[in-house]
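Readers should treat all values here as calculations from the given coordinates under stated rules, not as data from a laboratory. Keep in mind that this is a model prediction, so the values were computed, not measured. Because the Cβ atoms are built from the backbone with ideal geometry, glycine has one as well, and the counts that use them run over all protein chains shown.
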Amino acid sequence: MQLHQGRPTDCTHRLPKEIRVYDLLDDLGIQYHHIDHEAAMTMEACQAIDEAMGTAMCKNLLLCNRQCTEFYLLLLPGDKPFKTSILSKQIGSSRLSFASGEYMEQFLDITPGSLSVLGLMNDHDGHVRLLIDEAVLTGSHIGVHPCVNTSSLRIRTDDLLNKIIPAMGHPVTMVALP
């Protein structure tokens, strides 16, 4: 695995959703690095990627309420455990559970294992509310997938928070998970 600056030089075998991510970042003037790797389906699989990128991958969870009428994308550090009861109290939504892959594809154009904050660029109708654990923002950089789990991006945390997320039109709700 080797870290490269900017978009891949050859995008002929890349999925359109991945290319749209590079287009968004380039249009916003964001500097980033990418790395290609085997499919990373778990946070454990991301450990080698973390080392190669010099920053930790962010854990992304798509959650919903019991009725599947409210959806949340939660970003938290990859090594942080998650308890629905604590988050439920903070956001005023009871009975949180993991949303199905169908909703992931329908709202974010992402398949399970590839969930990323960058998928919000595909949520034009605002179905998904963005939640970020404050611990995610402590580092200078963050690792995210470009809507596929065979590549990862290293971007500045400040760019994510102040340029990319606003460009995608999704307000952030900060949460503090123990």
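In summary, residue 160 fulfils each of the numbered conditions (1) surrounded by 15 or more Cβ atoms within 10 Å (Cβ to Cβ); (2) farther than 30 Å from residue 14 by Cα with the single exception of condition (2).
Regarding residue 10, is this residue surrounded by fewer than 17 Cβ atoms within 10 Å (Cβ to Cβ), more than 16 Å from residue 133 (Cβ to Cβ) and in contact (Cβ under 8 Å) with a residue 40 or more places away in the chain? Spelling it out, it is not the case that residue 10 is surrounded by fewer than 17 Cβ atoms within 10 Å (Cβ to Cβ), more than 16 Å from residue 133 (Cβ to Cβ) and in contact (Cβ under 8 Å) with a residue 40 or more places away in the chain.
Between 59, 80, which is touching a Phe, Trp or Tyr at 6+ places or on another chain (Cβ under 9 Å), surrounded by fewer than 21 Cβ atoms within 10 Å (Cβ to Cβ), basic (Lys, Arg) and under 28 Å from residue 126 (Cβ atoms)? That would be 59, the only listed residue that is touching a Phe, Trp or Tyr at 6+ places or on another chain (Cβ under 9 Å), surrounded by fewer than 21 Cβ atoms within 10 Å (Cβ to Cβ), basic (Lys, Arg) and under 28 Å from residue 126 (Cβ atoms). Scanning region 35-59 for residues that are free of Cβ contacts under 8 Å to residues at least 60 places away in the same chain and in contact with a Leu (Cβ under 7 Å, 6 or more places away or on another chain) yields a total of 2. Please work out if residue 166 is out of contact with any Ser or Thr (no Cβ under 8 Å at 6 or more places or on another chain), under 30 Å from residue 69 (Cβ atoms) and free of Cβ contacts under 8 Å to residues at least 24 places away in the same chain. Against the criterion (out of contact with any Ser or Thr (no Cβ under 8 Å at 6 or more places or on another chain), under 30 Å from residue 69 (Cβ atoms) and free of Cβ contacts under 8 Å to residues at least 24 places away in the same chain), residue 166 qualifies. Condition first: of a type in the set (Gly, Ala, Ser), under 16 Å from the mean Cα position of the chain (by Cα) and within 18 Å of residue 142 (Cβ to Cβ). Now tell me which residues in region 1-44 satisfy that. Listed by number, the list holds a single entry, 40.
Give me the pairs: first residue in region 77-95 and in contact (Cβ under 8 Å) with a residue 60 or more places away in the chain, second residue of a type in the set (Ser, Thr, Tyr), beta-carbon distance under 9 Å, and six or more apart or on different chains, which are they? Cβ pairs passing all conditions: 87/72; 87/93; 90/173; 91/72; 91/173. Consider residue 25 carefully, then state whether it is in contact (Cβ under 8 Å) with a residue 12 or more places away in the chain and over 16 Å from residue 148 (Cβ atoms). Answer is no for this residue. Please determine, by comparing only the residues of region 115-142 that are polar (S, T, N, Q) and touching a Pro at 6+ places or on another chain (Cβ under 9 Å), which one is surrounded by the fewest Cβ atoms within 10 Å (Cβ to Cβ). Per the criteria, the residue is 138.
Among residues of region 128-143 that are closer than 13 Å to residue 116 by Cα, those with a beta-carbon under 9 Å from a residue that is in a strand (DSSP E or B) and among the charged types (D, E, K, R) at least six positions away or on a different chain give the pairs 142/154; 142/156; 143/154.
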